[in-house]
């Protein structure tokens with residue numbers, strides 16, 4: 001299962017608040033913490049110790065801390081002579097080199113004896129992996145993480161994200177990407193337009209961002225990029241292995257129609273361009289009383305359909321529309337996938353299990 005992660009920006013925050021925030025993630029399948037050290041100054045011992053105490057608290061809670069470094073920071077702090085040793089002494093599990101060393105330096109870093117992971121910037125340069133392999137890098141100590149993008153219209157496109165993530169996945173490297181919380185109040189920059197990896201996620205509710213990334217199968221960790229997410233928004237993230245679509249149901253559905261919608265479903269393997277078919281429970285409802293409720297109606301992508309009793313042997317079959325068409329009177333329109341979950345349809349595979357989660361217009365999921 002994909003694991004959750006979170007980001008910390010400790011500067012100017014008291015320890016008690018930071019510790020309480022870290023504690024809030026203990027009930028989740030959570031493993032990684034992102035931390036930027038770029039703003040630390042060599043003469044600011046108080047802030048340095050503040051960060052180190054927070055890193056130690058994360059360690060005690062069972063979280064691995066990966067820190068953002070660059071050559072300027074490393075030189076400024078005097079870590080050049082023993083980067084790995086200094087990182088380990090600080091309590092880090094991995095170092096993210098935003099401004100990458102040259103290939104030979106990276107290869108040597110991956111061979112460290114302290115188990116410090118060397119995290120690559122996964123948003124650029126996938127051919128780096130080929131060069132590192134040729135030079136004999138230790139891939140068991142390489143991870144990769146995408147960037148987040150504070151400025152609107154600069155986040156990654158979906159095709160680029162999938163292609164480059166697949167390139168890293170082919171090497172078996174642990175991978176991570178970022179999602180953005182609407183209620184979070186703190187980030188690394190004074191820009192408040194979200195901090196997602198993908199541009200398509202910028203205005204989506206966080207649970208929809210999480211579901212999409214998890215459904216790609218291309219990342220192992222999904223990290224909340226900004227700090228102080230509310231407990232309510234955090235609780236909206238559901239970690240499970242079944243693709244779940246939030247849906248809004250039509251008014252006046254019968255008990256049978258509601259029961260069918262809330263059944264476990266699976267995408268039938270003989271694929272249609274028009275609909276996702278779920279037929280595994282059809283026999284159970286073949287004699288059910290499902291009255292026709294509409295004449296032929298226009299269907300759009302994400303419309304939920306159930307064949308009624310006029311369709312005889314198909315009675316009770318559920319379908320998800322993949323494109324626009326006109327449904328006959330033998331099929332009832334029973335609901336609609338929420339707009340924010342429509343991108344999941346592109347990731348649903350034949351024979352894959354899925355479920356439909358009815359939400360009420362105006363609740364915290366439906367209107368985020």
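For residues that are under 24 Å from residue 228 (Cβ atoms) and assigned to a helix (DSSP H, G or I), tally how many sit in segment 34-76.
15
Considering only strands (runs of 3 or more DSSP E) fully contained in segment 258-368, which possess at least 3 residues that are closer than 26 Å to residue 216 by Cβ and in contact with a strand residue (DSSP E or B) (Cβ under 8 Å, 6 or more places away or on another chain)? Can you show your working first?
Working: elements: 275-278, 297-299, 303-307, 318-321, 325-327, 331-337, 353-358.
Hits in segment 258-368: 275-278, 318-321, 331-337, 353-358.
Which one of the conditions (1) closer than 23 Å to residue 176 by Cα; (2) in contact with a helix residue (DSSP H, G or I) (Cβ under 9 Å, 6 or more places away or on another chain); (3) buried (at least 19 other Cβ atoms within 10 Å of the Cβ) does residue 57 fail to meet, given that it meets all the rest?
Looking at each condition in turn, residue 57 falls short on (3).
Pairs needed: first member in segment 216-245, in the same structural domain as residue 194 (by TED's automatic domain parsing) and closer than 22 Å to residue 143 by Cβ; second member anywhere, modelled with pLDDT under 95 and outside any loop (DSSP other than H, G, I, E, B); C-beta distance under 9 Å; at least 6 residues apart or different chains.
Qualifying pairs under 9 Å: 226/186; 227/186.
Keeping to segment 280-304, report how many residues are modelled with pLDDT of 90 or more, surrounded by 17 or more Cβ atoms within 10 Å (Cβ to Cβ) and more than 27 Å from the chain's Cα centre (by Cα).
2
How many of the residues making up segment 40-54 are within 16 Å of residue 75 (Cβ to Cβ) and within 27 Å of the chain's Cα centre (by Cα)?
Residues that pass the stated criteria total 0.
Name the helices (runs of 4 or more DSSP H) wholly inside segment 83-178 in which the number of residues that are closer than 24 Å to residue 54 by Cα and in the same structural domain as residue 224 (by TED's automatic domain parsing) is 3 or more. Before you say what the answer is, go through the steps one by one.
Working: elements: 83-90, 103-110, 128-134, 158-169.
Output list reads 83-90.
Within segment 184-200, take every residue that is in a loop (DSSP other than H, G, I, E, B) and touching a helix residue (DSSP H, G or I) at 6+ places or on another chain (Cβ under 9 Å) and give me the one that is farthest from residue 235 (Cα to Cα).
Initial filter on segment 184-200 (in a loop (DSSP other than H, G, I, E, B)): 184-185, 187-197.
Filter once more, keeping what is touching a helix residue (DSSP H, G or I) at 6+ places or on another chain (Cβ under 9 Å): 184, 194, 196-197.
Working: 184: 14, 194: 19, 196: 19, 197: 21 Å.
Here the answer is 197.
The values are calculated or read from the model by the stated rules, or taken from the named source; none is laboratory data. Values in this document were obtained by computation on a predicted structure and should not be read as measured data. Here Cβ is always computed from backbone atoms with ideal geometry, including for glycine, and neighbour counts include all displayed protein chains.
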